[in-house]
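Visitor: Dropping the structure in here first, questions after.
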Amino acid sequence: VFDLLFKSLVGRARPLAMLRVLDVGGYAFPSGHAALTVFYIMMGYLIARRVRAWQLKVVVWVLAALMAVLIGVSRVYLGVHWPTDVLGGWVLASVWASLVIGITSLVDRLASEKHFAEKQVEQSLTQ
């Protein structure tokens, strides 16, 4: 949804039709496919949160980043986006992911503090 809003605000044309492998319409900036790579980044984040071994966390993050890069490169290779369109999509995805990760981290911290406070009250009542 946000990528469509930005596309209509910016109104940047796609590369010339003769340079494209695919025939697509609409505006180019930001790349919606690049913005949707936030899915892989968020999946990497959610999986890495649950994994204990740091080596496995690295593998998860590398795979998530690799998917995002491959999707972005494919958009340029197919001639449907300029490289800056893809970068714009990644920035949009990064902002969205940062907000979600920040909010979930805050909620987790507050829930942990609440649980700790409830335990303290429970312990003081049983003494």
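Residues checked against (1) under 26 Å from Ser105 (Cβ atoms); (2) touching a Pro at 6+ places or on another chain (Cβ under 6 Å); (3) part of a loop (DSSP other than H, G, I, E, B); (4) open to solvent by 40 Å² or more (accessible area, probe 1.4 Å):
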position: Ser8; (1), (2), (3), (4): no, no, no, yes
position: Gly26; (1), (2), (3), (4): no, no, yes, yes
position: Ala34; (1), (2), (3), (4): yes, no, no, no
position: Met42; (1), (2), (3), (4): yes, no, no, no
position: Gln55; (1), (2), (3), (4): yes, no, no, yes
position: Val59; (1), (2), (3), (4): yes, no, no, yes
position: Leu66; (1), (2), (3), (4): yes, no, no, yes
position: Thr84; (1), (2), (3), (4): no, no, no, yes
position: Leu92; (1), (2), (3), (4): yes, yes, no, no
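Visitor: Six or more apart or on different chains, Cβ atoms under 9 Å: show the pairs whose first residue is in the stretch 74-87 and in contact (Cβ under 8 Å) with a residue 60 or more places away in the chain and among the charged types (D, E, K, R) and whose second is crowded, with 16+ Cβ neighbours inside 10 Å and assigned to a helix (DSSP H, G or I).
Guide: From residues that are in contact (Cβ under 8 Å) with a residue 60 or more places away in the chain and among the charged types (D, E, K, R), the pairs are Asp85/Ala34; Asp85/Arg75; Asp85/Val76.
Visitor: Then there is this: Surrounded by 15 or more Cβ atoms within 10 Å (Cβ to Cβ), in contact with a Leu (Cβ under 9 Å, 6 or more places away or on another chain) and on the phi > 0 side of the Ramachandran plot: is that true of Gly79 in this structure?
Guide: yes
Visitor: In this structure, does Val121 turn out to be part of a helix (DSSP H, G or I), modelled with pLDDT of 85 or more and β-branched (Val, Ile, Thr)?
Guide: Criteria not met by Val121.
The values are calculated or read from the model by the stated rules, or taken from the named source; none is laboratory data. All values derive from a computational prediction rather than experimental measurement. Because the Cβ atoms are built from the backbone with ideal geometry, glycine has one as well, and the counts that use them run over all protein chains shown. When the accessible area is computed, the model is the full protein with side chains, heavy atoms only, and any ligands, DNA or RNA have been set aside. Shrake-Rupley method; radii C 1.70, N 1.55, O 1.52, S 1.80 Å.
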